[in-house]
1. Residues that are of a type in the set (Gly, Ala, Ser), open to solvent by less than 40 Å² (accessible area, probe 1.4 Å) and not in a strand (DSSP E or B): does region 63-82 have at least one?
2. Of the conditions (1) within 22 Å of Leu8 (Cα to Cα); (2) of a type outside the set (Asp, Glu); (3) within 27 Å of the chain's Cα centre (by Cα), Ala215 fails just one. Which one is it?
3. So if I check each of Leu17, Leu8, which one is buried (at least 18 other Cβ atoms within 10 Å of the Cβ) and assigned to a helix (DSSP H, G or I)?
4. Is there any pair linking a residue in region 32-52 that is within 16 Å of Val84 (Cβ to Cβ) to one that is open to solvent by 40 Å² or more (accessible area, probe 1.4 Å) and among the aliphatic types (A, V, I, L, M), with Cβ under 9 Å and at least six apart or on different chains, and which?
5. Name the residue, out of Thr207, Thr195, that is within 21 Å of the chain's Cα centre (by Cα) and either outside any strand (DSSP E or B) or at pLDDT below 90 (or both).
6. Please go through region 99-114 and give me each residue that is in a loop (DSSP other than H, G, I, E, B) and modelled with pLDDT of 95 or more, ordered by number.
7. Anything in region 131-170 that is among the polar types (S, T, N, Q), under 27 Å from Ile185 (Cα atoms) and open to solvent by 50 Å² or more (accessible area, probe 1.4 Å)? List them, or say none.
8. May I ask you to list the residues in region 203-232 that are within 30 Å of Gly119 (Cα to Cα), in contact with a Leu (Cβ under 7 Å, 6 or more places away or on another chain) and of a type outside the set (A, V, I, L, M, F, W, C)?
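The values are calculated or read from the model by the stated rules, or taken from the named source; none is laboratory data. This one's a predicted model, so the numbers in the text were calculated from it and none came from an experiment. Glycine gets a Cβ as well: all are built from the backbone with ideal geometry, and neighbour counts include every protein chain shown. Just the protein is used for accessible areas: all its heavy atoms, side chains included, with ligands, DNA and RNA removed. Shrake-Rupley method; radii C 1.70, N 1.55, O 1.52, S 1.80 Å.
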Amino acid sequence: LAAIRQALERVGAEIDLALLGRGDDQQLDLAAHANLAMADCMPDAPLFLDGIGHGQKSAWGIPFFLATPGGIHGHCIIGTRGRVAPKRTDCVRIPVEGRCAKLLFLQTSAHCPLGAQAGEYRLIYRDGRSRSLELRGGITTADWYRGSVWPMEQAVVAWEQPLEARPETRKAVYLAWWPNPRPEIPLVAIEVCGTADGGLHFLLGLTLRRTEVAAPPSRPRIRAWGRALRHLRQELAGCVRRFAALYVDLCRPADAAEAMRRHQANRLLDAVRLYGEKVRRLGRMTPLED
């Protein structure tokens, strides 16, 4: 299972890199809009992300600029309200100008289990219309102190370190991407919005991809990823059958079913299925060969 996971991580990283793409990237300095210091991010404890530093950074080959803590409050993060901090800012507006093909967010969340909402990003266009991206645990964001949620539908782990007080627990920051649904219309602002009864969300860096320059992966490359995923799925299916037979001999039927539901082999099968969806998405982006 460890070997299968390593192979899936290698293939998955290639697939995620293809989805992230490459282009003319413009990192923004969010210092003027920062409203929180790391020590004040959560009501119950500081956000221990000091190790990530500040200034010019890079994640998965994409440039970001992290605000330097300054002023009397040391603000360097944009944060919005959630269930445990309902009086916090509901929405932070970041003025931007011009067209862009993709938006890239360096971010993390708190009190945000799988499936929970921690807010949304809202694109405001020059024609007055808007589009929104929900920030949901395990899909476009994840909880900062629960280790690396993997894989994610529209985000990857950008930075992680052991938590100082509990080295066995990892803290993490995530890189999410959002293809602009209306790239032909100029933007005037990006809003970071919270939620009254969900998790807390924190934006550390924002980069706009003005134009996409990297070509989509070739059809042979996509087919190779598909073959690799099918092979891993077959290996995992064999593991599931062997473990299920073993558990039936050792446990009551209900206990055996619960053990298999939680088993790493089944979790890896879920990961293979998600990467299969990503490959199909890339296939729809890639022109047919002549």
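1. Scanning region 63-82 turns up at least one residue that is of a type in the set (Gly, Ala, Ser), open to solvent by less than 40 Å² (accessible area, probe 1.4 Å) and not in a strand (DSSP E or B).
2. Failing condition for Ala215: (1).
3. Leu8
4. That search, which allows pairs on different chains as well, returns Met42/Val84; Pro43/Val84; Asp44/Val84; Pro46/Ala39; Leu47/Ala39.
5. The unique qualifying residue is Thr195.
6. Correct list: Arg99, Cys100, Ala101.
7. Across region 131-170, the qualifying residue is only Ser132.
8. Answer for region 203-232, where residues must be within 30 Å of Gly119 (Cα to Cα), in contact with a Leu (Cβ under 7 Å, 6 or more places away or on another chain) and of a type outside the set (A, V, I, L, M, F, W, C): Gly205, Thr207, Arg209.
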